[in-house]
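The values are calculated or read from the model by the stated rules, or taken from the named source; none is laboratory data. In this text, all values refer to a predicted model and were calculated from it rather than measured experimentally. Neighbour counts are summed over all protein chains in view; Cβ atoms, including those assigned to glycine, are modelled from backbone coordinates with ideal geometry.
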Amino acid sequence: MTNREPGVGRYAQPEREQRWLLARRPDDLRRPVAIVDRYIAGTRLRLRRMQSSAGVTHKLGQKVRPDPSSPVLVQLTNIYLSDDEYALLLPLGGHQIGKTRWRWTVGGETLAVDEFSGELAGLVLAEIELRPEEPRRPSPSVAVAEVTEDDRFSGAGWPPPPRRSCGPCWPASALRPGRPLRPRRSSLRRRTGRPPWCNRIHRNR
């Protein structure tokens with residue numbers, strides 16, 4: 001019998017994405033999909049609920065990194081679930097993330113834009129799927145930074161959600177290497193309602 005390992009086999013598909021942290025939600029977005037992800041504790045499994053104008057879809061995904069230290073490439077296996085199967089798995093423990101995913105056409109290419117909700121409200125990421133041999137794309141005009149290799153923006157790699165700070169610009173604090181996704185308090189924030197690192201984004205809005 002063939003020895004099967006997680007992330008290996010014909011059902012596991014390579015997924016390579018390039019990601020950016022955005023200063024704000026772009027204009028001209030389309031096809032919104034409400035997504036709730038639950039990353040099951042102690043596993044590489046993600047339970048997902050997607051709701052769009054076409055209806056509701058449930059699926060269970062497994063993401064395995066060929067290089068455990070790098071979030072750039074994963075082997076993804078998906079199983080589509082019935083409503084009953086989803087309800088059965090829902091009580092499993094894990095941290096939950098909600099977001100709305102939009103489609104955004106830039107320079108003839110389609111990117112996915114995720115606008116997060118709940119305690120991650122204000123975080124906006126964009127991503128594009130690339131084939132293994134494709135070069136990376138230039139950053140969109142509203143990008144604060146490319147975060148493709150930053151594990152803090154890789155879904156399951158995130159720590160528990162931080163406190164909300166400054167609406168759409170709190171994620172700028174995460175650009176400091178090695179820092180958690182938590183904005184710092186300051187006297188400037190008490191006067192203006194936002195911490196110093198927000199000014200850069202506010203000037204660009």
**Request:** Among the residues of the stretch 7-39, count how many are within 23 Å of T148 (Cβ to Cβ) and either loosely packed, with under 13 Cβ neighbours inside 10 Å or not β-branched (V, I, T) (or both).
**Result:** 19
**Message:** Here is a check on your reading of the model: is A172 at pLDDT below 90 and part of a helix (DSSP H, G or I)?
**Reply:** yes
**Message:** For the stretch 110-155, give me each residue that is within 15 Å of the chain's Cα centre (by Cα), closer than 20 Å to Q13 by Cα and either modelled with pLDDT of 90 or more or among the hydroxyl-bearing types (S, T, Y) (or both).
**Reply:** L111, A112, E127, I128, E129, T148, S154
**Flag if S82 is within 18 Å of the chain's Cα centre (by Cα) and either among the small types (G, A, S) or loosely packed, with under 15 Cβ neighbours inside 10 Å (or both)** = no
**Asked** So which residues in the stretch 6-33 are among the basic types (K, R), over 16 Å from V72 (Cα atoms) and part of a strand (DSSP E or B)?
**Response** R30, R31
**Request:** Write out, first by first residue and then by second, each pair whose Cβ atoms fall under 8 Å of each other, whose residues are 6+ apart or on separate chains, and whose first residue, in the stretch 50-72, is at negative phi and surrounded by 13 or more Cβ atoms within 10 Å (Cβ to Cβ) while the second is in a strand (DSSP E or B) and among the aromatic types (F, W, Y).
**Result:** T57/Y80; H58/Y80; K59/Y80
